[in-house]
Amino acid sequence: MNPQPRILVMGAGGIGGIVASTLMEVGSAVTAVSTNELIRAAVDKSGFRVTDEGEERVVRGWVSPAPEGKYDLAILATQPPNVEDAARTALPHLVEDAKVVVLQNGLCEERVAAIVGAHRVIGGIVAWGASMPEPGRYERTASGGFQLGRLTGEVDTDVRRIGELLEAVGPVTLTKNLKGARWSKLALNCAVSALGTIAGERLGPLVRQRRYRRLALEIMTECVSVAKAEGIALEKVAGTLDLEWVSLSEADRTATASMSLTAKHALLLAVGLRYRRMRSSMLAAIERGRTPAIDFLNGEIVTRGKTHGIPTPWNQRIVETVWEIAKGTTKSSRETLDRVCGPDERPSLPQIT
């Protein structure tokens, strides 16, 4: 890869805006692309207005409606439902040895590889949060960095070089087990995004409620079961959250209280409070009239669970409820989340026979 790469950032929402503006700020040759006219107009007028750890700054730059010229590196930062279109748009503008970094939540690397070629694809797991309260204004809502790797497990020169570039945005770790890290993040996203989208709130107030934590634990337990069936060796999230340990055992499910269950609630509370200011990007997409990423998150668990004959009723209920919210037949509210949970802290689901 070119030692001074021309970088294409596809998407200028919360994550894309922070990535593009930070790379611009340190002098990288960056073109940010968005199909959103309001974002383009706001950045053109006032620059990228960024709030990071309470500090506000303006990064002068621009957002283009489409790529122009050739690029050594493409960073895909759209919502998951738009990732394949973003990859197709970027492909004609990539030089022969260009690489493509996939920042989307879910399991999008294989989808992108089918379009641009597996040799180009590098997975980038985002361990921090950002939102775009209004077009052109960006807020970093949780600290953290990236985890980079390839589906093959290889950590080559290109992976290392891209890691060095992204250090400007946040600390980077390299992994030989991208699949395990990606599935662990997926399990966390399935729980966190579900709670935030259905309740219509930031994460902090929600994780303080035991019944909502229990719902999150049930969701993640199903994710872990499907991951095991896929032959995935799960990685700890942010080096601390062991999803296999957090998964509910049969004893946990029948106990009203136990040392094991108490410890799992405590760990989930600590993780939730770390990301307490995070607001679901899926909820933001719905509010803007866009397609939610639910089929790439909980829907992925449901689909793969069916393949392996593993029941995933809680994730199924999440998928159905989010689509009801997206279609306007149900509103995001705590009342809606309470209906998902049922009359006690466990969702009232039919028995599986």
Dipole magnitude of the chain, debye to nearest 20 (Cβ charges: Lys/Arg +1, Asp/Glu -1, about Cα centre): 600 debye
Asserting the computed 222 nm helical MRE of the chain (DSSP H runs at least 4 long, -39500 (n - 2.57) per run, divided by residue count, to nearest 500) equals -13500 deg cm²/dmol
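Assign unit charges at the C-beta atoms only (+1 for Lys and Arg, -1 for Asp and Glu), then state the dipole size of region 6-176 relative to its Cα centre in Debye, rounded to the nearest 20. Spell out each step's value before the answer.
Values: 17 positive and 22 negative charges, 27 e Å.
Here region 6-176 has a charge dipole of around 120 debye.
Calculate, in nm to one decimal, what Thr307 and Thr254 gain on full extension: separation in residues at 0.36 nm each, minus their alpha carbon distance.
Numbers: separation 53, 0.36 × 53 = 19.08 nm, distance 2.75 nm.
Length difference between fully extended and current span is 16.3 nm.
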Of Val224, Leu283, Gly69, which is farthest towards the positive pole of the chain's charge dipole, taken about the Cα centre with +1 and -1 on the beta-carbons of Lys, Arg and Asp, Glu respectively? Leu283
Choose one of Gly27, Gly54, Ile7: the residue whose Cα lies farthest towards the positive end of the charge dipole of region 5-54 (beta-carbon charges +1 Lys, Arg; -1 Asp, Glu; about the Cα centre). Ile7
Give the whole-number value, in cubic angstrom per residue, of the convex hull volume spanned by the C-alpha atoms of region 78-182. 113 Å³
Per-residue Cβ neighbour rank within 10 angstrom, fewest leading, Trp323, Trp245, Trp128, Trp314: Trp245, Trp323, Trp128, Trp314
In region 1-106, GluC sites (Glu not before Pro) in a DSSP loop with at most 16 other beta-carbon atoms within 10 Å: Glu53, Glu68
With springs only between Cα atoms under 10 Å, which of Ser258, Ser21, Ser143 fluctuates most in a Gaussian network model of the chain? Ser258
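How would region 249-304 be classified by its alpha-carbon gyration tensor: rounded, prolate or oblate, with rounded meaning a/c under 1.5 and the a/b versus b/c comparison settling the rest?
Values: a/c = 3.96, a/b = 1.70, b/c = 2.32.
Since a/c reaches 1.5 but b/c is at least a/b, the shape of region 249-304 is classed as oblate.
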Convex hull of region 6-176 built on C-alpha atoms - directionally averaged projected area, nm²: 8.7 nm²
Need one number: nm distance between label points at Leu38 and Asn2, each 7 Å from Cα along Cα→Cβ, rounded to one decimal. 3.4 nm
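Checking the a/c ratio against 1.5 first, then a/b against b/c, what shape does the Cα gyration tensor give for region 62-102?
Details: a/c = 1.81, a/b = 1.25, b/c = 1.44.
Because a/c hits 1.5 or more and a/b fails to exceed b/c, region 62-102 counts as oblate.
Once you have the Cα-Cα distance between Lys45 and Ser143, take 0.36 nm times their residue separation minus that, and quote the gain in nm to one decimal. Spell out each step's value before the answer.
Values: separation 98, 0.36 × 98 = 35.28 nm, distance 2.80 nm.
Fully extending the segment from Lys45 to Ser143 adds 32.5 nm.
Pairs of alpha-carbon atoms within less than 8 angstrom and 6+ residues apart define the contacts here; what relative contact order does the chain have, in percent? Before the final figure, lay out each step's value.
On the way: 677 pairs, mean separation 50.6, N = 353.
After rounding, I find 14 percent.
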Surrounding charge for Ala41, neighbours by C-beta under 14 angstrom, Lys/Arg +1, Asp/Glu -1, total +1
Which whole-number percent of Cα pairs in region 125-253 have a distance greater than 24 Å? 38 percent
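So what is the relative contact order for region 6-176, in percent, with contacts set as C-alpha pairs under 8 Å and at least six apart? Mind dumping the intermediate values first?
On the way: 385 pairs, mean separation 37.2, N = 171.
Once normalised by length, the contact order is 22 percent.
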Quick one: give the max-minus-min coordinate of the C-alpha atoms of region 180-341 along each principal axis, largest first, in Å. 40, 34, 29
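What is the Rg over Rh value, at two decimals, for region 1-94, using alpha-carbon atoms and the Kirkwood definition of Rh? Don't skip to the end; give the middle numbers.
Numbers: Rg = 12.8 Å, Rh = 13.4 Å.
Rounded to two decimals, Rg over Rh is 0.95.
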Using the basic label-point model (7 angstrom from Cα toward the beta carbon), what is the Leu151 to Ala29 distance in nanometres? 3.0 nm
Pairs of lysine residues in the chain - Cα separation under 16 Å, sequence separation of 8 or more or cross-chain: 10
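Given Cα pairs under 8 Å that are at least 6 residues apart, what percent is the relative contact order of region 282-338? If you can, show how the numbers build up before the last one.
Working: 37 pairs, mean separation 17.0, N = 57.
It rounds to 30 percent for region 282-338.
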1/(1 + (r/R0)^6) with r = Cβ-Cβ of Glu68 and Arg339, R0 = 56 Å, i.e. FRET efficiency to nearest 0.05, evaluates to 0.70
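Read-outs: derived from the displayed coordinates by stated rules, not from any lab. The structure presented is a predicted model; accordingly, all values stated were derived computationally and were not measured. Quick reminder, even Gly has a Cβ in these numbers, built from the backbone with ideal geometry, and neighbours come from all protein chains shown.
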